[in-house]
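Since the structure comes first, as structure tokens, the remarks are kept for the end.
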Amino acid sequence: MNNPSYNPFNDETLHSTVNQTQSNSLDERVPYNDVIKHGDIVQGFQAPKRLEQFPKWYQNPRRIYATISVLGFASFMIYQIIQIITAIALGK
């Protein structure tokens, strides 16, 4: 820094890279997976994580409810769009 025209962008010691080793992603998830396993142990049974893991009698009503919900929401949105277009067309 004795040089009055010191430029930090030209200083090689500031821009040296450090080699880092890549860790295994499965090793990083071990504590997270242990918590899930501990929760299952505390509950006394393995909690279902996906729809296929629920009992068969519960899967179809849940799918039907989800389908009806999505269709209801979509029809409401279409109805609102039609209302807006008719209001604009009639000049309200």
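In table form, for the structure just shown:
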{"item": "Ranked Phe73, Phe9, criterion: other C-beta atoms within 10 Å, fewest first", "result": "Phe9, Phe73"}
{"item": "Dimensionless Rg over Rh [the range 50-92; C-alpha; Kirkwood]", "result": "1.39"}
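Computed from the coordinates by the stated procedures, all read-outs in this text should not be read as laboratory data. This structure is a prediction, so every number in the text was calculated from the model and none was measured. Every residue, glycine as well, gets a Cβ built from its backbone with ideal geometry; the counts of neighbours run over all protein chains shown.
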